[in-house]
Amino acid sequence: SAVISQKPSRDICQRGTSLTIQCQVDSQVTMMFWYRQQPGQSLTLIATANQGSEATYESGFVIDKFPISRPNLTFSTLTVSNMSPEDSSIYLCSVEWEETQYFGPGTRLLVL
Amino acid sequence: GDSVTQMEGPVTLSEEAFLTINCTYTATGYPSLFWYVQYPGEGLQLLLKATKADDKGSNKGFEATYRKETTSFHLEKGSVQVSDSAVYFCALSEDSNYQLIWGAGTKLIIKP
């Protein structure tokens, strides 16, 4: 399986600021995904990020709020922009590897 | 559209009890089915998967059988431990983008 790391593991931020989350995988992968998991909830897909193309956003998520970069086959970033307390969640990246998604440990974000 | 329905939690059991967490799905084609586990404060780990009807996925004493006739993928374990306390997610993947459709998650609490 692919091994995925995320930075930071957690953060406390002030409203109106932005946070960039990094996702690093130990193998070259085509497809990476970004999810949000609100407290006590299931996962919601934010966007799919394929290297060499623009990220594809799901309904309810826009690029201005959640810009994504995918500069190479092992790395991606998700920025949470102009944060509000409603953005307090766990943010997870995942990768597709042998027809299965594997997840990073998540970034726990609290916005005050 | 495709969907996944899991039994509601929390499920509370005593150590060494038999575990069943029900999962049923609706899909237009022939999806792959997954169980993921999320331990407290951690990301998601793939627990097991099955890619075609009658396949049995197994890992760490957990099993689930892909039942096409009942559109089910119930998770079972013969003797649970306190360390199995976690949230369990059932998911399916049908399209070529490997996107996952998630169940709501079932919290499992094992008491010593």
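Are any of the residues in segment B:53-74 on the phi > 0 side of the Ramachandran plot, modelled with pLDDT of 95 or more, in a loop (DSSP other than H, G, I, E, B) and among the polar types (S, T, N, Q)? Taking every residue of segment B:53-74 in turn, at least one turns out to be on the phi > 0 side of the Ramachandran plot, modelled with pLDDT of 95 or more, in a loop (DSSP other than H, G, I, E, B) and among the polar types (S, T, N, Q).
In the set (1) modelled with pLDDT under 95; (2) closer than 17 Å to A:V95 by Cα, B:L48 fails one condition alone, (1).
Taken together, B:S72, B:S79 contain a single residue that is more than 14 Å from chain A (Cβ to nearest Cβ), surrounded by fewer than 13 Cβ atoms within 10 Å (Cβ to Cβ) and touching a residue at least 40 places away in the same chain (Cβ under 8 Å), which is B:S79.
On the stretch given as segment B:78-92, residues that are in a helix (DSSP H, G or I) and within 12 Å of B:G61 (Cα to Cα) total 1.
Of these, A:L78, A:L92, A:L112, A:L45, which one is hydrophobic (A, V, I, L, M, F, W, C), farther than 25 Å from B:K107 by Cβ and buried (at least 18 other Cβ atoms within 10 Å of the Cβ)? Give the steps one after another, and end with the answer.
Details: A:L92 fails: farther than 25 Å from B:K107 by Cβ; A:L112 fails: buried (at least 18 other Cβ atoms within 10 Å of the Cβ); A:L45 fails: farther than 25 Å from B:K107 by Cβ.
Among A:L78, A:L92, A:L112, A:L45, only A:L78 is hydrophobic (A, V, I, L, M, F, W, C), farther than 25 Å from B:K107 by Cβ and buried (at least 18 other Cβ atoms within 10 Å of the Cβ).
Out of all the residues in segment B:42-49, is one or more open to solvent by 50 Å² or more (accessible area, probe 1.4 Å) and not in a strand (DSSP E or B)? Looking for residues that are open to solvent by 50 Å² or more (accessible area, probe 1.4 Å) and not in a strand (DSSP E or B), one finds at least one in segment B:42-49, hence yes.
For beta carbons closer than 6 Å, sequence separation of 6+ or different chains, a first residue in segment A:90-101 that is more than 8 Å from chain B (Cβ to nearest Cβ) and a second that is at pLDDT below 90 and assigned to a loop (DSSP other than H, G, I, E, B), the qualifying pairs are A:V95/A:A2; A:W97/A:A2. Taken together, A:P39, A:P8, A:P85, A:P105 contain a single residue that is closer than 28 Å to B:V4 by Cβ, in contact with a strand residue (DSSP E or B) (Cβ under 8 Å, 6 or more places away or on another chain) and loosely packed, with under 15 Cβ neighbours inside 10 Å, which is A:P39.
The values are calculated or read from the model by the stated rules, or taken from the named source; none is laboratory data. These numbers come from a predicted model, not from an experiment. Heads up, the Cβs are rebuilt from the backbone with ideal geometry, glycines too, and the neighbour counts pull from every protein chain shown. The protein model used for the area step is the full one, side chains on, heavy atoms only, and it has no ligands, DNA or RNA in it. Shrake-Rupley method; radii C 1.70, N 1.55, O 1.52, S 1.80 Å.
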